[in-house]
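Take a look at the structure below.
Each value in this text was obtained by applying a stated rule to the coordinates, not by laboratory testing. From a predicted model like this one, the values you see are computed outputs, not experimental measurements. Cβ coordinates were reconstructed from backbone atoms using ideal geometry, including for glycine residues, and neighbour counts include every protein chain displayed.
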Amino acid sequence: MIKASSFITSSQTEIVDGFLFENAPTNWALEINHITGEGRLNGFFKSESEMNHAISKISEEIGYYVEFQFSTYLIEDQDWKESYKQHFSPWDYKGVHFIPFWLKDEYRVPDDEISVLLDPGMAFGTGTHETTRMCLEFLIENNKVAKILHESILDLGCGSGILAITAHLLGFKKVVGLDNDMDAVRISEENAQLNQLTDQILFDCSDLLDLNEPNGDFDCVVANIQADTLIANANKILNQASQKSNIILSGILSKEIDQVINAFKKELIGQSNFDYLLKEMGEWSAVQINKFGGC
């Protein structure tokens, strides 16, 4: 395997982080020193040509804003296979514990609390990124704090399957996860198996753009996707939700949150009563739109 690595200044880590989120999953991982704000971008590749292609892509898209100076190293295959494990540690929120599967025998979960086992591989979604964490917090708060008990949920852009799996363990009976990346669907299904949920969650390789027909029967719709895609597909997303439902939107830079909310307001005004809740973590925001039925 070949490793490519570049130092990232504190003023440029936000740009690189945004690129990685919008293009996930990729072979790149950004490590940030939260004291200095500086970072290091690392990528692991099977061949020199694969590495050069990845460097060209990131340089073309954000090289004008980021001063990349890549160094390359040859590494053992085992280092590549195990390296991602260093970036995922157990964490919990209000009685729900997210645990790397390789630590399941070392991590104790209280008997009355929920455990979610994960092997994210190269798929996006361990809950440690702010965008995923805010979605999880909304789901958990609805269930454990507001006592909202829903029957069905649609997860658009399921990544590792973390949101869909958590929803099932919280009590959702019908759980569907869609992603346009077949590897993400495969990893989601494998993570469902880790949690003994084989065949209890429907994961499918499908693009948001393919949702042409309204479904309208999901009590909750979650879309952790970049802001421009949310705005362009506001009507399609809302068409999947029932008259009384929650729509959780994330993957949104805080500077873009008003545009997203306004796009969904435009679709809802005159059709449904609603309010919304906001969350913000670092440079990211998420919104939960609560529909109360017709006007």
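Data overview
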item	result
The chain: antiparallel DSSP beta bridges as a percent of all, rounded to 5	60
Inter-label distance for Ile148 and Leu277, nm, one decimal - labels placed 7 Å from Cα along Cα-to-Cβ	0.6
Degrees separating the helix 48-62 axis from the principal Cα axis of the chain, which is the longest one	60
Sequence ranges 152-160, 198-206, ranked by mean other-Cβ count within 10 angstrom, highest first	152-160, 198-206
From the coordinates shown, Cα extents along the principal axes in Å corresponds to which of [x] 87, 42, 29; [y] 83, 59, 33; [z] 60, 45, 36	[z]
Packing rank of 163-176, 272-285, where each peptide gets the mean count of other beta carbons within 10 Å, highest leading	163-176, 272-285
Region 1-39 versus region 156-190: alpha-carbon centroid distance in Å	26
